[in-house]
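Enquirer: There's a structure below that I have some questions on.
The values are calculated or read from the model by the stated rules, or taken from the named source; none is laboratory data. Since this is a predicted model, take the numbers as computed values, not measurements. Backbone-built Cβ (ideal geometry, glycine too); neighbour counts: all protein chains shown.
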Amino acid sequence: MSSPPPIPLLTTPALRALTQADSLPAVVSVRNLSALLLRGATDAWDRPLRPQPLLISSEIAFTEPFDTASATDKLGSDTIHYGNLSKSLLDTVNTYFSPTSTAAAIPGEPQESEWDALLVLNQLFLDLTGSGLDGANPASDDDGAGVQTKKPGFLEKSLGRIGLLTVSLTLPKASLLGEGVCLTASAGFDAEGKMTARALGLEVRRLRIPTLVGVNPNEREARQMLVVSVGVEGVRVRGDRYVRVEGAVVKALEESSFETLEALGAHLIDKVEETFVNGEDYTVWVRMEKPIAVPLAECPVVEVRRVVKDYHR
């Protein structure tokens, strides 16, 4: 029997547009649940197995309104208890990835020193939906892409009413010069609860780096602060890349002599691409803020993005 076709991997904005997530009638979300991470995700120096804080967020967008819950003033099957959602997310991290984890490494999986943030995110999706980030159900299709589990997903019986599910991991201490790293996975579902499309994005947030950039004579005399965020949509390679992405961006900015942010942005994308050379399709974006450039504005902003190869396939 032939295997089903792969589930399309889109950019996060494209998936939100496809599922009409911002127009759906009801949403339950949890923002920045705090946990301590050990097994999975390297630290700001790219070292594995180092404790660091983890913030977990999740958004569930429903295709139907909360008619029963709003009419009866009681929680019913048309909604999700956000307290239980929080408990499910934290239970996954505490079971597999915290310093007090009770689960051992699974035979055939990477060694603990090779576990990455993508593995954490995949396990959260498994425990919520019963399927991994690629839509595979480990009960019937073990693709070796994460810590496996056969227990029913917390949301598995509700997926037919969910238009979009998003789970984000933020590592606030995983960046030396920025405000942290965020890895976000999203999936759209049909009325039968089957995953129809997905997205997976990485963001290194708000790196603050003195940079020589500008067209005015005074700007050529000294460095000024740039605030740079970098994102990659379509992350498929295993192994944490955010430290290498930050390092490539910092080095490029330290060596910069560009006059325009437009040219600098294209150069930064070139450098980020070099850390993701893997034959896969992905999109890179760079957002640059120049706080001192316009005295009466908070900052001018220039954003550039590039699609690498044929993304939609």
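Enquirer: Just checking, how many residues over the stretch 207-239 are small (Gly, Ala, Ser) and out of contact with any strand residue (DSSP E or B) (no Cβ under 6 Å at 6 or more places or on another chain)? Steps first, please.
Expert: Our first condition is that a residue be small (Gly, Ala, Ser); within the stretch 207-239, this holds for 214, 222, 229, 231, 234, 239.
So of that shortlist, the ones also out of contact with any strand residue (DSSP E or B) (no Cβ under 6 Å at 6 or more places or on another chain) come out as 214, 222, 239.
Final tally of qualifying residues: 3.
Enquirer: Something else now. One residue is enough: does the stretch 263-279 have a residue meeting the conditions without any contact (Cβ under 8 Å) to a residue 24 or more places away in the chain, part of a loop (DSSP other than H, G, I, E, B) and over 22 Å from Ala41 (Cα atoms)?
Expert: As a first pass, look at the stretch 263-279 and keep what is without any contact (Cβ under 8 Å) to a residue 24 or more places away in the chain: 263, 267, 270-271, 277, 279.
Those still in the list that are part of a loop (DSSP other than H, G, I, E, B) too: 277, 279.
Checking which are over 22 Å from Ala41 (Cα atoms) leaves us with 279.
The answer is yes; a qualifying residue exists.
To keep it simple, each residue is scored yes or no on (1) modelled with pLDDT of 90 or more; (2) surrounded by 15 or more Cβ atoms within 10 Å (Cβ to Cβ).
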{"site": "Ala139", "(1), (2)": "no, no"}
{"site": "Gly144", "(1), (2)": "no, no"}
{"site": "Val147", "(1), (2)": "no, yes"}
{"site": "Pro152", "(1), (2)": "no, no"}
{"site": "Ser175", "(1), (2)": "yes, yes"}
{"site": "Gly178", "(1), (2)": "yes, yes"}
{"site": "Ser186", "(1), (2)": "yes, yes"}
{"site": "Lys194", "(1), (2)": "yes, no"}
{"site": "Val228", "(1), (2)": "yes, yes"}
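Enquirer: Could you please give the count of residues in the stretch 76-130 that are at pLDDT below 90, buried (at least 19 other Cβ atoms within 10 Å of the Cβ) and farther than 23 Å from Arg50 by Cα?
Expert: The number of residues fulfilling the criteria is 0.
Enquirer: Between Val167, Val230, which is within 30 Å of Arg39 (Cβ to Cβ), free of Cβ contacts under 8 Å to residues at least 60 places away in the same chain and either in the same structural domain as Gly40 (by TED's automatic domain parsing) or touching a helix residue (DSSP H, G or I) at 6+ places or on another chain (Cβ under 7 Å) (or both)?
Expert: Numbers: Val167 fails: free of Cβ contacts under 8 Å to residues at least 60 places away in the same chain.
Exactly one residue qualifies, and that residue is Val230.
Enquirer: Can I ask one more? Determine if the stretch 198-220 includes at least one residue that is modelled with pLDDT under 95, charged (D, E, K, R) and assigned by TED's automatic domain parsing to the domain that holds Thr260.
Expert: Taking every residue of the stretch 198-220 in turn, at least one turns out to be modelled with pLDDT under 95, charged (D, E, K, R) and assigned by TED's automatic domain parsing to the domain that holds Thr260.
Enquirer: Let me ask something additional. Would you pick out the residues in the stretch 280-305 that are part of a loop (DSSP other than H, G, I, E, B) and either modelled with pLDDT of 85 or more or not assigned by TED's automatic domain parsing to the domain that holds Val215 (or both)? Quick ask: steps written out before the conclusion?
Expert: Kept after step one, since they are part of a loop (DSSP other than H, G, I, E, B), are these residues of the stretch 280-305: 280-281, 290-300.
Lys290, Pro291, Ile292, Ala293, Val294, Pro295, Leu296, Ala297, Glu298, Cys299, Pro300 - these are the residues of the stretch 280-305 that are part of a loop (DSSP other than H, G, I, E, B) and either modelled with pLDDT of 85 or more or not assigned by TED's automatic domain parsing to the domain that holds Val215 (or both).
Enquirer: Can you go through Arg208, Arg244, Arg238 and tell me which one is over 20 Å from the mean Cα position of the chain (by Cα) and within 30 Å of Arg39 (Cα to Cα)?
Expert: Details: Arg244 fails: over 20 Å from the mean Cα position of the chain (by Cα); Arg238 fails: over 20 Å from the mean Cα position of the chain (by Cα).
Sole residue among the options that is over 20 Å from the mean Cα position of the chain (by Cα) and within 30 Å of Arg39 (Cα to Cα): Arg208.
Enquirer: Of these, Glu254, Glu246, Glu289, which one is touching a residue at least 24 places away in the same chain (Cβ under 8 Å) and exposed (fewer than 15 other Cβ atoms within 10 Å of the Cβ)? Let's see the steps before the verdict.
Expert: Working: Glu246 fails: exposed (fewer than 15 other Cβ atoms within 10 Å of the Cβ); Glu289 fails: exposed (fewer than 15 other Cβ atoms within 10 Å of the Cβ).
That would be Glu254, the only listed residue that is touching a residue at least 24 places away in the same chain (Cβ under 8 Å) and exposed (fewer than 15 other Cβ atoms within 10 Å of the Cβ).
Enquirer: Please list, ordered by first then second residue, the pairs with beta carbon atoms under 9 Å, 6 or more apart or interchain, first in the stretch 2-24 and closer than 12 Å to Thr283 by Cα, second acidic (Asp, Glu) and in a loop (DSSP other than H, G, I, E, B).
Expert: Leu9/Asp134; Leu9/Asp281
Enquirer: Right, here's the next one. Return the residue satisfying two criteria in turn: it lies in the stretch 1-57 and is farther than 29 Å from Arg305 by Cβ and of a type in the set (D, E, K, R), and of such residues it is surrounded by the most Cβ atoms within 10 Å (Cβ to Cβ).
Expert: Looking at residues that are farther than 29 Å from Arg305 by Cβ and of a type in the set (D, E, K, R), I get Arg39.
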